[in-house]
Amino acid sequence: MNLPTELAAHLLTPGRAAPLAALLFIAGCGGGTDSPVLPASSETVPKAFVCPAAVPSTATCLSGVDSKGAYYLIAKPVDWNGRLVLHAHGGPDLSAPTSEPVEDLTRWAVMVKAGYAWAGSSYRQGGVEVRAAAEDTERLRGIFRTHVAQPIKTILHGQSWGAGVAAKAAEMFTPLTVGEQPYDGVLLTSGVLAGGTRSYDFRTDLRVVYQYLCSNHPRPTESQYPLNLGLPAGVAMKQAEVSARVNECLGLDKPAAQRTPAQQAKVQTIENVIKIPASAIQAHLNWGTLHFQDITSKRTGGASPFGNAGVNYTGSSDDAALNAGVLRYRADPTAYQRFSADTDPTGRIAVPVLSAKWISDPTAFVELDAHFKSVMQQGGSAERLVQTFTTNGTHSYISDPTYPALMAALLQWVEQGTKPTAASIAAACPSFEAKFGTGCSFAPTYAPSALETRVPARERP
């Protein structure tokens, strides 16, 4: 259905809600291709579940498996404040889910301690598929509303790769596609926010620079393949084998002082050229191998959406030799388009969005947030985005008081129309430390540099 221009503009204007008559008209026309979620009434009723130890003992926990095979967990505190945190977890995992996402609820138990109900899905299948994960998250919202309670407000929280899932879900599921307001606000933490076509460029760079230095992934005696595939379809390799090759060349399983001079020189080259710490090299090579294989063999028709044509690598002891020696690849245009459609944000989000990122995050670079800001500007949603940054934390978790402080600021924006600033959130955070412990480290004046200052520009389809 093509939406009239004036109605679309109305819905994307800050502070405006869609007229009820318009929503009813839209709902009567159906959800379109972006609304493949079955009615929640068709889902089975969740069952009682023993809450993880980190969750308050007075909370009620429920679990189930949805109609697509995704496991989920729900936690509702005894002193529920009426607000639901709908969680999109990071990863992604490559194996299909086999159990409830206990680790996710354990990590985010602070949300339940702060009075929010929490619901998280395992997603139905393994793999790098953003829209499917967004559908599973939306399906869980319906299960909560139908079988647990009607929340006053629903906040969609995406963490790491799940932040990209949440951003995509907020674009896909709106009053125009589901006939009601699904999410009142979006919280994005430690987010991989530049979409798949840009967030993973540096892993292509890592693969080619690593191979230039080490020549063992693949080995000269093995069948050669384009590194931007990750691995060819049908070739099995476990993380332990990737690690063995990396340790053979770089000695990452040893302290720096115990590596050979040649190993340490190669590690230093990767740190300088790819701009990641030694502690992150192994994980990114794992993802650049196994996640890339999942993408190219299952999502993009056997071709790669990744390339390094036109990249000028700098930071080594001999950049001319490095640039002449690394393997070069061009992203396949069709694969690029397909991967972009599944993973890249468009910046068209009609509700308040608040983000937080540890400045030194080695997994989801802070510069990704700069790109996301530009996408939100291009999509007409700049006024609905507030970004915050912290000086302490980890990629997986910043600190206990950080998240209640963010939630309070976002809900004040949603419910009272008071838009927060990075400074106001930084000033308010210490008031949460008495209940949740110390850990506030917001840097209200910080602004990240452009993504191209961290990951070199390249030719794109």
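The values are calculated or read from the model by the stated rules, or taken from the named source; none is laboratory data. Quantities reported herein were computed from a predicted structural model and do not represent experimental measurements. No Cβ is skipped: glycine too gets one built from the backbone with ideal geometry, and neighbour counts run over all protein chains shown.
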Legend entry - Of all residues in the range 38-71 being charged (D, E, K, R) and assigned to a loop (DSSP other than H, G, I, E, B), the one that is surrounded by the most Cβ atoms within 10 Å (Cβ to Cβ): D66
Inset, instruction - Give the range 125-137 a look and list any residue that's touching a residue at least 24 places away in the same chain (Cβ under 8 Å), among the small types (G, A, S) and either outside any helix (DSSP H, G or I) or surrounded by fewer than 24 Cβ atoms within 10 Å (Cβ to Cβ) (or both), or say none. - result: G126, G127
Inset, instruction - Would you check if K76 is modelled with pLDDT of 95 or more, within 25 Å of L354 (Cβ to Cβ) and out of contact with any Phe, Trp or Tyr (no Cβ under 7 Å at 6 or more places or on another chain)? - result: yes
Inset, instruction - Considering every residue within the range 221-242, establish whether at least one is of a type in the set (V, I, T), touching a residue at least 60 places away in the same chain (Cβ under 8 Å) and part of a helix (DSSP H, G or I). - result: no
Legend entry - Which listed residue is small (G, A, S) and without any contact (Cβ under 8 Å) to a residue 60 or more places away in the chain, from A40, A75, A70, A114: A75
Legend entry - Output for the range 76-115, where each listed residue is in contact with an Asp or Glu (Cβ under 8 Å, 6 or more places away or on another chain), assigned to a loop (DSSP other than H, G, I, E, B) and closer than 18 Å to V192 by Cβ: H89, P92, L94
Inset, instruction - Take V102 and decide whether it is in contact with a His (Cβ under 8 Å, 6 or more places away or on another chain) and either farther than 22 Å from S67 by Cα or surrounded by fewer than 24 Cβ atoms within 10 Å (Cβ to Cβ) (or both). - result: no
Inset, instruction - Identify, from the list L94, L84, the residue that is of a type in the set (A, V, I, L, M), under 20 Å from R131 (Cα atoms), in contact with a helix residue (DSSP H, G or I) (Cβ under 8 Å, 6 or more places away or on another chain) and assigned by TED's automatic domain parsing to the domain that holds S160. - result: L94
Legend entry - One residue from F372, F365 being part of a loop (DSSP other than H, G, I, E, B), assigned by TED's automatic domain parsing to the domain that holds V414 and either among the acidic types (D, E) or buried (at least 20 other Cβ atoms within 10 Å of the Cβ) (or both): F365
Inset, instruction - Please work out if N312 is crowded, with 21+ Cβ neighbours inside 10 Å and either in contact with a Ser or Thr (Cβ under 9 Å, 6 or more places away or on another chain) or outside any helix (DSSP H, G or I) (or both). - result: no
Inset, instruction - Scan (1) under 23 Å from V186 (Cβ atoms); (2) touching a Phe, Trp or Tyr at 6+ places or on another chain (Cβ under 7 Å); (3) of a type in the set (A, V, I, L, M, F, W, C) for the single condition A114 breaks and write down its number. - result: (2)
Legend entry - Residue check, S317 closer than 20 Å to S215 by Cβ, at pLDDT 95 or above and not in a helix (DSSP H, G or I): yes
Inset, instruction - Say whether the condition of being among the hydroxyl-bearing types (S, T, Y), free of Cβ contacts under 8 Å to residues at least 40 places away in the same chain and out of contact with any helix residue (DSSP H, G or I) (no Cβ under 6 Å at 6 or more places or on another chain) is met by at least one residue in the range 138-154. - result: no
Legend entry - One residue from A350, A356 being under 16 Å from the mean Cα position of the chain (by Cα), in the same structural domain as K419 (by TED's automatic domain parsing) and either in contact (Cβ under 8 Å) with a residue 24 or more places away in the chain or more than 30 Å from G439 (Cβ to Cβ) (or both): A356
Legend entry - Conditions (1) buried (at least 22 other Cβ atoms within 10 Å of the Cβ); (2) part of a loop (DSSP other than H, G, I, E, B); (3) over 19 Å from the mean Cα position of the chain (by Cα): number failed by P345: (3)
Legend entry - Within the range 341-357, tally of residues that are closer than 23 Å to Q412 by Cα and of a type outside the set (V, I, T): 8
